[in-house]
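As C-alpha cells, the structure follows; a few thoughts come after it.
The values are calculated or read from the model by the stated rules, or taken from the named source; none is laboratory data. None of these values were measured; they are calculated from a predicted model. Note: ideal-geometry Cβ built from the backbone for every residue, glycine included; neighbour counts use all protein chains shown. Accessible surface areas use protein heavy atoms only, side chains included; no ligands, DNA or RNA. Shrake-Rupley method; radii C 1.70, N 1.55, O 1.52, S 1.80 Å.
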Amino acid sequence: MDRRRFLTSSAYSVAAAALPLTYVQEIADRTAAARSGHTVGMAEVAAVRDMVRVFSEMDERHGGQHGRSALVQYLRDDVAPLCRGRFRTGKIRQHMLSAASRGVHLLGWKSYDAGQQGLAQRYYLQSYALAVESGITGHDGFVMRTMAMQGLKLHRPEHCLGLAETGLNRAKGKVDAQTESLFRVVHAHTLAKAGQRTTALAEAERASALLTANPGDEVPFWALAWGPPAASVYSRNAKVYETLGDHRTAAEQYGRAAGARPAGTYARIVALDLVAGAEMQLKRGQIEQACTTWNRALDHMDGVRSVRTRKAVTRMRGDLARFRARGVRCAAELDERAIDFLAGA
C-alpha cells in the first residue's frame with residue numbers, strides 16, 4: 001500500500017514507467033534523506049539527471065503537454081531542497097545546480113512546445129541563473145544558445161546574434177568538439193538571419209567539421225537536451241541553408257537530421273525535421289516527394305500532443321490546397337490523413 005501511494009502521489013510515477021521500480025524508490029529515499037540533513041553526493045546528482053532524462057524522453061515521444069505538472073512538482077519538491085542541501089564537495093554542488101538548470105531548461109522547452117513563449121523565456125532565464133551559479137564551463141552559454149534559437153523562431157532576430165556569439169565565446173576551446181559544434185551551428189543561423197551569407201556558410205562548415213574532429217571529452221549532460229549532437233547540427237544547418245535560399249541542401253540536411261535520431265525516442269523532433277524537409281521539397285516543385293516525406297512525418301506524430309506539430313500539419317494543409325484543387329491524388333490523400341490527425345490531436 002505504501003508503494004502504491006508512492007507511485008500515484010508523486011512525480012516518481014512517471015519515472016516508474018521507464019526505470020526499475022527499486023531504483024525509483026531508491027531515488028525517492030535518497031532525496032528524502034538529503035532533505036532531512038544527510039550529505040548530498042554524486043549519487044544524488046546522478047538520480048536527478050536520470051529523472052530529468054526520463055522527463056525529457058517522455059517530452060520527445062509525447063509532446064510538451066505531457067508530464068509538465070509532474071516535472072514542476074519534482075523540481076519544486078525534490079530538486080530545490082537538494083540544491084540547498086549539504087554537499088560533500090563544492091564540485092558536487094556545481095553538478096547538482098547544473099542538473100537543476102537542465103530540468104528547468106526542459107520546463108522552458110515544454111512551455112515553448114505548448115506555445116507559451118513568455119513562460120518559456122522565464123524558465124530559460126531561471127535555467128541560465130542556475131547554470132551561472134553552477135560555474136560549469138559552457139552551460140550558461142548553452143542556455144543563451146537556446147534563447148537565441150527561441151528568438152529566431154519568433155522572428156525577433158535583433159538580439160539573437162549577440163546571444164549566440166556570447167554563448168559561443170563562453171564555450172569555444174573549453175568544451176568537447178561535438179558540444180562546440182552545437183554552439184557554432186546556432187551562431188551560423190543567426191549570421192544567416194543577419195544577412196552575413198559568407199560568414200554564415202563558413203561557420204556552418206566549421207560546425208559540421210567539428211562532428212568528425214577529435215571528439216575530446218564526453219558530451220556533457222546538459223548538451224544532450226535534443227539528443228545526438230550530429231542530428232542537432234544537421235537540423236540547424238538545414239535552417240541556415242533554408243534562410244539563404246538553398247532549398248535543395250536544406251532538404252538534404254533535414255533528412256540527415258531525421259535519420260540521425262532514434263525515432264522511437266525522438267518522435268516529435270524527427271517529425272518536425274521531416275515536415276521542414278517536405279516544405280523544402282515543395283519549394284523545389286517536388287510535390288510527390290514532399291507528400292511522401294509528409295506522410296513519414298505523420299507516422300511519427302502518432303501520440304504526440306504538441307502545438308508545434310498541430311501548426312505544422314495545419315500549415316501543410318494550406319500548402320497542399322492548390323494541389324488538391326488541381327486533382328493531385330497524393331495531395332488529396334495526404335489532406336484526408338491530416339484532417340484525421342487534427343481531429344484526434
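Output the residue which, of all residues in the range 18-54 that are at pLDDT 90 or above and small (Gly, Ala, Ser), is surrounded by the fewest Cβ atoms within 10 Å (Cβ to Cβ).
Filtering the range 18-54 for residues that are at pLDDT 90 or above and small (Gly, Ala, Ser), the one surrounded by the fewest Cβ atoms within 10 Å (Cβ to Cβ) comes out as ALA43.
If you take the residues of the range 68-83 that are in contact with a helix residue (DSSP H, G or I) (Cβ under 9 Å, 6 or more places away or on another chain) and charged (D, E, K, R), which of them is least open to solvent (accessible area, probe 1.4 Å)?
ASP78
Among the residues of the range 320-329, is any in contact with a Leu (Cβ under 8 Å, 6 or more places away or on another chain) and open to solvent by 70 Å² or more (accessible area, probe 1.4 Å)?
No, the range 320-329 has no match at all.
Looking only at the range 88-114, count how many residues are buried (at least 23 other Cβ atoms within 10 Å of the Cβ) and either over 21 Å from the mean Cα position of the chain (by Cα) or of a type in the set (Val, Ile, Thr) (or both).
1
Any chance the range 181-195 includes a residue that's at pLDDT 95 or above, crowded, with 24+ Cβ neighbours inside 10 Å and either among the aromatic types (Phe, Trp, Tyr) or more than 27 Å from ARG308 (Cα to Cα) (or both)?
Within the range 181-195, one or more residues are at pLDDT 95 or above, crowded, with 24+ Cβ neighbours inside 10 Å and either among the aromatic types (Phe, Trp, Tyr) or more than 27 Å from ARG308 (Cα to Cα) (or both).
For residues in the range 224-255 being out of contact with any helix residue (DSSP H, G or I) (no Cβ under 8 Å at 6 or more places or on another chain) and closer than 30 Å to ARG49 by Cα, which is least open to solvent (accessible area, probe 1.4 Å)?
Per the stated criteria, the residue is PRO228.
When the residues of the range 297-316 are narrowed to those that are surrounded by 16 or more Cβ atoms within 10 Å (Cβ to Cβ) and basic (Lys, Arg), which ends up farthest from GLU279 (Cα to Cα)?
ARG305
How many residues are at pLDDT 95 or above and among the acidic types (Asp, Glu) when one looks only at the range 196-238?
The total comes to 2.
Take the residues in the range 145-174 that are hydrophobic (A, V, I, L, M, F, W, C) and over 14 Å from the mean Cα position of the chain (by Cα); name whichever of them is farthest from VAL185 (Cα to Cα).
Among those that are hydrophobic (A, V, I, L, M, F, W, C) and over 14 Å from the mean Cα position of the chain (by Cα), it is LEU154.
Would the range 269-279 turn up any residue that is of a type outside the set (Val, Ile, Thr), touching a His at 6+ places or on another chain (Cβ under 9 Å), more than 26 Å from ARG68 (Cα to Cα) and surrounded by fewer than 24 Cβ atoms within 10 Å (Cβ to Cβ)?
Within the range 269-279 (the criterion being of a type outside the set (Val, Ile, Thr), touching a His at 6+ places or on another chain (Cβ under 9 Å), more than 26 Å from ARG68 (Cα to Cα) and surrounded by fewer than 24 Cβ atoms within 10 Å (Cβ to Cβ)), the answer is yes, since at least one residue qualifies.
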